[in-house]
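So the structure is just underneath, and the comments pick up after that.
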Amino acid sequence: MNSRPAGSARDYSIMNPSVATAPRYDADARRFVLRQALSDVLPVQCLLTGAEETTPFECDGLSAFRQVPFAVALPETEAQVRDVLRACHDLKIPVVARGAGTGLSGGAMPHADGLVLSLAKLNRILELDPVACTARVEPGVRNLAVSEAAAPHGLYYAPDPSSQIACSIGGNVAENSGGVHCLKYGLTVHNVLGLRGYTIDGEAVTLGGAALDAPGLDLLALAIGSEGLLLVVTEVTLKLIPKPKIAQVVMASFDDVVKAGDAVAAIVAAGIIPAGLEMMDRKATAAVEPFVRAGYDLNAEAILLAESDGTLEEVADEIAEIERVLRAAGSTQCIVSQSEAERLKFWSGRKNAFPAAGRISPDYYCMDGTIPRKHLGRMLRAIEEMEKKYTLRCMNVFHAGDGNLHPLILFDAHEPGEWERADRFGADILELCVALGGTITGEHGVGVEKLGSMCVQFAPAEREAFFAIKRAFDADGLLNPGKAIPTLARCAEYGRMHVHAGALPFADLPRF
Amino acid sequence: MMEAALADLRDRIVAANAAKTPLRLRGGGSKDFHAEALIGDELDTCAHRGIVDYEPSELVVTARCGTPLAEIEDTLAQHGQFLPFEPPAFGEATTIGGAVAAGLSGPRRASAGAARDFVLGAHLVDANGELKRFGGQVMKNVAGFDASRLLCGSLGVLGLIAQVSLKVLPRPYDEITLRFDCDVKAALALFHRWRAQPLPVSATSWHDGVAAVRLSGSPSALRAARAVLGGSVLDTTQAPTWWLGLRNQTHDFFRRGDKPLWRLSIPATAPIGAFADGLIEWSGALRWLHSAAPAGEIRAIAEKLGGTAMLWRGACATTRFHPLAPANLELHRRLKREFDPNGIFNRGRLHPEL
């Protein structure tokens with residue numbers, strides 16, 4: 001699910017670390033020393049240093065930001081991970097851990113003077129316990145592979161990010177990935193019981209485990225979503241849950257986006273927590289329908305997909321209630337899936353929204369803010385205004401149930417100025433998210449992409465607290481430096497002020 | 001502008017930090033026993049109270065730390081909602097700040113999640129008196145480190161948790177409790193079988209020859225589950241009393257003072273031996289035991305089973321909390337040093353060295 005502003009790489013140098021304290025001696029000498037050190041701990045096939053070998057690692061799913069790394073290590077064992085970290089720690093070489101490279105915020109973008117530490121070869125499911133309902137896996141295991149392995153036992157792993165076919169569990173842990181079912185089943189943090197990993201000095205740490213709690217501070221929760229800044233994960237214990245007996249989805253049309261947004265709040269207010277609650281605006285349905293023929297109502301300004309899962313009895317009750325609430329909220333048409341095939345057909349459009357955007361536009365830029373549900377309609381109206389301001393189109397697909405927005409800004413990277421306009425358009429959306437009491441990233445992470453927006457969401461004192469946490473784990477700032485937390489200098493350069501939730505109405509948001 | 005009660009707390013913190021004198025943060029005081037040590041001048045948070053924001057359709061409640069837990073639960077109940085992690089109230093004075101600082105969860109923990117799973121945001125007053133806002137009021141938020149979840153269960157050692165935002169959920173339509181007369185091994189076997197099936201189990205327990213399971217959901221779902229599970233239905237006055245007795249530990253089992261009471265948090269599938277004097281929750285993952293055995297012995301067993309043992313009530317020549325692994329303790333030390341360099345907040349409460 002990549003955005004594809006290929007070729008629109010902009011100067012990434014402003015993203016360079018100010019956390020890292022790597023000594024800057026001659027690049028060739030550093031490469032020589034690092035190769036020497038790593039060749040002692042890695043088999044020859046596990047270390048890549050030539051440009052033709054390292055270039056494939058120059059970006060993750062956010063390809064607008066690229067950097068060929070200094071070297072790439074592909075350890076095959078946990079001990080090798082430890083030894084690589086120790087070597088880099090001794091030499092003060094920055095380390096960027098990488099899973100499948102499907103992230104959308106540039107969290108795995110390499111460091112010019114650093115090593116990319118790919119966990120791709122650590123891809124074994126170590127243990128699957130169908131009685132305890134847990135799986136112990138290495139970080140390179142693909143998200144979907146866990147559910148596939150659990151399926152014979154009637155179990156699955158709940159978080160299902162849209163990239164689940166390719167993305168790795170290690171990457172999910174780093175980003176605290178979500179998916180379309182997190183309203184009911186939670187994010188990665190709710191579905192990981194424990195992990196093992198190494199801090200930059202090669203010290204092994206075990207956080208959480210197969211028990212439901214552990215003494216001391218909740219370092220497990222802190223590690224999840226830490227974007228590779230605190231430790232490198234080598235083993236994860238996942239919670240598996242029983243597969244629901246049945247799932248059904250209601251597809252509802254609305255002639256007004258605000259009504260659709262209000263319907264989302266009405267479902268929740270009625271005491272229903274759907275397994276999935278998604279919204280697409282007219283531009284999105286128009287883009288996907290010719291592509292997948294999901295049967296979407298192209299006259300609707302917005303459609304909602306509300307799914308119920310559970311036992312036959314539960315689902316029958318809940319679907320009836322959802323339908324009642326949606327009609328009361330002004331739905332012009334409600335269709336309930338009558339078979340598994342039809343349910344998947346209704347979902348196919350939503351699941352193909354990103355490729356559809358790629359089909360109708362040379363490039364698209366996917367945003368990821370979250371707002372309180374009640375503001376969904378207001379946000380859609382504001383995005384319409386921004387489309388006029390930046391003369392770019394934007395199609396909207398939302399995880400409406402949890403207020404998580406994925407506006408897809410359409411642009412052409414080969415048209416001068418379009419990427420810059422898309423970039424500012426996106427920043428405006430994120431600032432409005434903060435002003436409405438939400439956040440600049442719901443599930444994609446900050447990476448390098450949203451460093452500027454972090455300055456809007458957090459005051460200097462809070463950013464300093466994040467650096468304090470970083471120092472406690474990694475005093476030299478060697479793990480994924482320059483990502484996730486902006487420095488004071490970075491925020492000064494960004495030039496936008498910290499917005500406290502609700503403090504500034506949208507019309508007054510600063511523009512530069 | 002800071003509210004007056006919060007400004008008072010901040011001023012005391014700033015003064016204590018300047019003088020490097022320890023402060024003992026205290027809400028309702030119902031969990032004074034839940035501490036390695038109580039050191040320093042008391043800083044009573046109760047005046048900083050009140051629900052700041054609650055919109056049922058957003059599924060979030062935001063409240064100041066001194067707000068009584070009962071006030072929050074009453075407000076949620078008026079809108080058919082609740083705190084799914086069922087935080088225990090060991091007294092009427094329990095505050096939401098204390099509940100989050102302790103991070104404890106009740107009988108629903110194994111199915112609904114723990115206190116930390118419902119923390120969406122928190123305000124922290126640090127040792128410099130600075131107010132820091134972490135997280136927020138939305139379900140999905142990965143901006144910055146998850147400091148608000150770090151504060152949950154921190155027992156105040158990183159600073160004053162001044163305000164919290166918690167995810168809430170609709171109350172289940174209905175609940176019934178089924179009872180099975182069986183020994184502990186048979187009870188664990190039942191729990192294991194149920195866990196791997198899509199059943200609306202919301203709590204389990206075993207004590208004194210009786211396994212109990214609570215089911216939550218729509219009437220039709222409960223009827224269907226009952227047909228699968230069997231057992232006999234506990235009457236509707238008895239059942240809530242039973243689960244509340246476990247949650248708030250008002251049941252006689254928790255009040256016996258003859259031997260120390262141990263809390264074993266271990267994998268649910270850990271084998272069980274003689275357990276006549278025990279009580280089980282969380283499908284086997286939480287095991288309570290009155291035992292006069294040496295602490296070292298109990299802790300060694302818990303570790304061997306893949307978990308930890310905490311001395312919950314009673315006297316015993318040992319620390320209350322299970323010792324931290326050296327690498328984890330080192331991270332604790334460094335975090336404490338970063339957040340509270342003079343060590344003023346709840347010194348020694350979570351760990352003798354913090």
- Task: Give, ordered by residue number, each residue of region B:261-282 whose 1.4 Å probe accessible area is reduced by a minimum of 30 Å² on adding the remaining protein chains to the chain alone.
- Result: B:265, B:267, B:269
- Beta bridges per DSSP with both ends in chain A, % antiparallel, nearest 5: 85
- Message: To the nearest 20 Debye, how big is the dipole of the protein assembly as shown about its Cα centre, given +1 on the beta carbon of each Lys and Arg and -1 on that of each Asp and Glu?
- Response: 860
- Net charge of neighbours whose Cβ lies under 10 Å from the Cβ of residue B:269, counting Lys and Arg as +1 and Asp and Glu as -1: 0
- Take every Cα-Cα pair in region B:13-121 and report what % of them are more than 19 Å apart. 48
- Report the accessible area of residue A:414, computed with a 1.4 Å probe over the heavy atoms of all protein chains in place, in Å² rounded to the nearest 10. 150
- Query: Can you give the accessible area of residue A:185 in Å² (nearest 10), computed on protein heavy atoms with a 1.4 Å probe?
  - Reply: 50
- Nearest 10 degrees, 0 to 90: what angle lies between the long axis of helix B:219-229 and the longest principal axis of chain B (Cα atoms)? 60
- Query: What does the average come to when, for each residue of peptide A:463-471, you count the partner chain Cβ atoms lying within 10 Å of its Cβ?
  - Reply: 6
- Message: Could you compute how fast region A:246-355 diffuses translationally, taking Rh as the Kirkwood radius over C-alpha pairs and applying Stokes-Einstein at 37 °C with viscosity 0.692 mPa s? Give it in µm² per second.
- Response: 240
- Note on the structure: With every protein chain kept in place and a 1.4 Å probe, the residues A:175, A:301, A:127, A:227 fall, from largest accessible area down, as A:127, A:301, A:175, A:227
- To the nearest 500 deg cm²/dmol, what mean residue ellipticity at 222 nm is calculated for chain B from DSSP H runs of n ≥ 4 alone, each contributing -39,500 (n - 2.57), summed and divided by the residues? -8500 deg cm²/dmol
- Query: How big is the shadow of the Cα convex hull of region A:13-118, averaged over all directions, in nm²?
  - Reply: 6.5
- Relative contact order (percent, whole number), chain A, Cα cutoff 8 Å, 6+ residue spacing: 16
- Item | Equivalent ellipsoid dimensions for region A:123-183 as semi-axes, Å, which come from the Cα gyration tensor, largest first | 18, 14, 10
- Note on the structure: The local net charge around residue A:345, scoring Lys/Arg +1 and Asp/Glu -1 for residues other than residue A:345 whose Cβ lies under 15 Å from its Cβ, equals -2
- How do A:262, A:256 rank by accessible surface area computed with a 1.4 Å probe, from largest to smallest? A:262, A:256
- Computed, not fitted: 222 nm per-residue ellipticity of chain A from DSSP H runs ≥ 4 (each -39500 (n - 2.57)), nearest 500, equal to -10500 deg cm²/dmol
- How long are the semi-axes of the ellipsoid equivalent to region A:360-508, from square roots of 5 times the Cα gyration tensor eigenvalues, in whole Å, largest first? 27, 18, 14
- Message: Give me the percent of accessible area attributable to carbon and sulfur for chain A, probe 1.4 angstrom.
- Response: 54
- Message: Using the alpha carbons of the protein assembly as shown, what is the convex hull volume per residue in cubic angstrom, as a whole number?
- Response: 153
- Extension reserve of the residue B:333-residue B:52 stretch, reckoned as 0.36 nm per residue once the Cα distance is removed: 97.8 nm
- Taking the alpha-carbon set of chain B, what are its Rg and Dmax in Å? 20.8, 65
- How large is the charge dipole for region A:232-379, taken about the Cα centre, if only the Cβ atoms of Lys, Arg (+1) and Asp, Glu (-1) carry charge, to the nearest 20 debye? 280
- In degrees rounded to 10, the 0-90 angle between helix A:418-435 Cα long axis and the longest Cα principal axis of chain A is 70
- Note on the structure: One can check that the equivalent ellipsoid of region B:219-354, built from the alpha-carbon gyration tensor with semi-axes equal to the square roots of five times its eigenvalues, has lengths in Å, largest first, of 35, 19, 17
- Please give the helix A:340-351 orientation as an angle from the longest Cα principal axis of chain A, in degrees from 0 to 90, rounded to the nearest 10. 60
- per DSSP, antiparallel bridges as share of beta bridges in the protein assembly as shown, % nearest 5, sits at 90
- Item | 1.4 Å probe accessible area per residue over region A:329-393, in Å² | 41
- Message: Stokes-Einstein diffusion coefficient for chain A at 20 °C in a medium of 1.002 mPa s, Rh from the Kirkwood formula over Cα pairs: what value in µm²/s?
- Response: 91
- Which value, in Å² rounded to 10, gives the accessible area of residue B:287 with a 1.4 Å probe and all protein chains present? 10
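The values are calculated or read from the model by the stated rules, or taken from the named source; none is laboratory data. Keep in mind the model is a prediction, meaning the values are calculated, not measured. Methodologically, a virtual Cβ is constructed for each residue, glycine included, from the backbone with ideal geometry; neighbour enumeration extends over all protein chains shown. Protein only, heavy atoms only, side chains kept; ligands, DNA and RNA dropped before computing areas. Shrake-Rupley method; radii C 1.70, N 1.55, O 1.52, S 1.80 Å.
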